[in-house]
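Read-outs: derived from the displayed coordinates by stated rules, not from any lab. In this text the structure is predicted, and so the values were computed from the model without any measurement. Ideal geometry is used to build each Cβ from the backbone, glycine not excepted, and the neighbour counts take in all protein chains shown.
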Amino acid sequence: MSFSPRAGSVFGFENSLLCALTKIDLSMRVSFFPMASVWLTYGLALSGCSLVEPHSRTSWETDSRVSAQEVISCAQKTVQELSVKNPKWDTTITRSEDHNGTLETGNYPDTNATELRTRVTFQPETHQLAVDIKASGPYYMDLGAKEGANHFRRDIENCLTIIQNICAETFIVPYSPTFRE
């Protein structure tokens, strides 16, 4: 007698058994995906892959004699100097507004761009200077946002101090009553 599967069975198994196995398999798949996404998120977070773009901000009050043009000039000079030390600094000026004290490099608003990008904003009324640094590498790897903000602040403060000293020396003329030509 030869074996031949009956109609309604697959390879000799009843449909009910196959359906039961399929239901178990499907239920495992359905419950597996939410857990997999949780573990994948934990894995990415623990492996160093960030899900947020690295960013650092520093702000301070400047000397009352500082103008918006001086801040923008020093910001441009600072970006150029920092790019010589670290080629990851983006030197492309994408927004520069001297009248309201704003400078941006490297399409600052874009996300996941792989360079150190800068936004400098100066409020002439309050003399507040703010520097924002985005330091994103591939997959939001941090290229040193905090360190970049610290270096930028140090260098722009030095530049503004030099400008203020030059301006002070230029406009202060010593008075001597005994001086004659």
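Going by how many other Cβ atoms sit within 10 Å of their own, how do Arg153, Arg117 line up, fewest first?
Details: Arg153 17, Arg117 26.
In order of increasing Cβ crowding within 10 Å: Arg153, Arg117.
Please list, in order along the range 109-124, the HN-Hα scalar couplings obtained from phi with the Karplus expression 6.51 cos²θ - 1.76 cosθ + 1.60 (θ = phi - 60°), rounded to whole Hz, x for Gly and Pro.
x, 4, 9, 6, 8, 9, 6, 7, 10, 10, 10, 10, 10, 10, 9, x
Which far-off residues, 5 or more places away or on another chain, put their amide H under 5 Å from the one on Asn107, with H placed in the peptide plane?
Thr94
Would you mind putting 87-95, 134-142 in packing order, based on average other-beta-carbon counts within 10 Å, highest first? Can you show the working numbers first?
Details: 87-95: 15.7, 134-142: 18.0.
Ranking, from highest mean packing down: 134-142, 87-95.
According to a simple spin-label model (label point 7 Å from Cα along Cα-to-Cβ), what is the distance in nm between Ile166 and Glu81?
For the pair Glu81/Ile166, the computed spacing is 1.2 nm.
Under the Karplus relation 6.51 cos²θ - 1.76 cosθ + 1.60, θ = phi - 60°, what is the ordered set of whole-Hz ³J(HN,Hα) values for the range 86-99, x standing for Gly and Pro?
Values per residue, Gly and Pro as x: 9, x, 6, 6, 7, 9, 6, 7, 9, 8, 9, 10, 5, 5 Hz.
Karplus couplings for the range 62-78 from phi (6.51 cos²θ - 1.76 cosθ + 1.60, θ = phi - 60°), rounded to Hz, Gly and Pro as x?
Working through the residues one at a time gives 9, 4, 5, 8, 6, 9, 4, 5, 5, 5, 5, 4, 5, 5, 4, 5, 5 Hz.
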